[in-house]
Amino acid sequence: MTATRTAWQGPMARVDATGSAVAPGTIGAPGHAGHGDAGHADHARTGDAHRPETTVGTHTRGDVILDLQNISLSFGGVKALTDISFDVCEHEIRAIIGPNGAGKSSMLNVINGVYHPQQGRIVFRGQERRQMHPTAAARQGIARTFQNIALFKGMTVLDNIMTGRNTQFRTGVFAHALWWGPARAEEMQHRRRVEEVIDFLEIQAIRKTPVGRLPYGLQKRVELARALAAEPSMLLLDEPMAGMNVEEKQDMCRFILDVNQQFGTTIVLIEHDMGVVMDISDRVVVLDYGKKIGDGTPEEVKSNPDVIRAYLGTSH
Ligand SMILES: Nc1ncnc2c1ncn2[C@@H]1O[C@H](COP(=O)(O)OP(=O)(O)OP(=O)(O)O)[C@@H](O)[C@H]1O
């Protein structure tokens, strides 16, 4: 892929699921802990006017919450990751980039416990993790979306998003089946949360539509909604804009910034569109053939000769 630059100029308008224009800054926030008002439109990280390194939107970049040390992962003879170290700070948008097969998705799978590296340490919020199951990662507040949409195509948007609440259920299946007592109250609470996410992502008009009938860009938005329904503190996004047109990319870009700025959610993002990566990321780690070849602010990465040689300057 030849690296392309997308101009993300000024506050962006969006279109909702009905195709109506929505002015920036007019959406309501779900019931997450408040992080200031919705003045997010001011924070579009446009081009070279990148914000100061220590500030994330309305947040100050926090402490390191994820520390990956010397991670190596092999599949038989294939070395997917070799001795990779980097960290992720609270509230930041951290991008992972690299050519096809560089190890980006493997890295996300290591972070959320799908893959267990043969070597290295993973420290999440001060605790070293060993052989963590993805469900345990979800309970710790790590949610993810997938490169290839992983939704239940025959189910409605609403029901798909409800599945994102699975790790939050406290009462048992039996109580839910009876729709009785605490189970009923709990389910009502989950539904309220889900409706808040639906409002936030402006997909009210399609809430009863089976996902399989939606255009690709909206399916991606539903997948983001499902991840948000889990109220994650860290969101892993695997190519959230792949296959989208420019308008859909702008919408998704704005939603990612909103999530980061309004809820303080830490975001780890894999994305091939260099314009998007350089505009919305605080720091970027660059992989090539499973090795780390660059790490720093977008400006630092853009001027790193190894990165230019291996990725930005070549076609993939
Ligand atoms: N489950 C697996 N079994 C065997 N090999 C794998 C597996 N997952 C990844 N690999 C290999 O590990 C290497 C890194 O793959 P990975 O999907 O992490 O790269 P990527 O940077 O995400 O690529 P892309 O941009 O094409 O999605 C590749 O050589 C890939 O074939």
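The values are calculated or read from the model by the stated rules, or taken from the named source; none is laboratory data. Since we're looking at a predicted model, the values are computed, not measured. All Cβ positions, even for glycine, are placed from backbone atoms using ideal geometry, and neighbour counts span all protein chains on display.
Below are the figures for this structure:
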read-out	value
Residue that is surrounded by the fewest Cβ atoms within 10 Å (Cβ to Cβ) [pool: residues in the range 254-311 that are of a type in the set (S, T, N, Q) and farther than 19 Å from Glu92 by Cα]	Ser303
Test set (1) in a helix (DSSP H, G or I); (2) within 13 Å of the ligand (Cβ to nearest atom) - Ile84 fails condition number	(1)
Unmet criterion (only one of (1) modelled with pLDDT under 85; (2) in a strand (DSSP E or B)) for Ala175	(2)
Scan of the range 60-81 for residues that are farther than 10 Å from Thr266 by Cβ and more than 13 Å from the ligand (Cβ to nearest atom), ordered by number	Thr60, Asp63, Val64, Asp67, Leu68, Gln69, Asn70
Residues of the range 87-108 satisfying the condition of being farther than 15 Å from Ser233 by Cβ and either among the charged types (D, E, K, R) or surrounded by fewer than 20 Cβ atoms within 10 Å (Cβ to Cβ) (or both)	Asp87, Pro99, Asn100, Gly101, Lys104, Ser105
The range 264-314, residues that are closer than 22 Å to Asn148 by Cβ and touching an Asp or Glu at 6+ places or on another chain (Cβ under 7 Å)	Ile270, Glu271, His272, Val277
Among the candidates Ala137, Ala143, Ala102, Ala150, residue that is closer than 23 Å to Leu287 by Cβ, modelled with pLDDT of 85 or more and in a loop (DSSP other than H, G, I, E, B)	Ala102
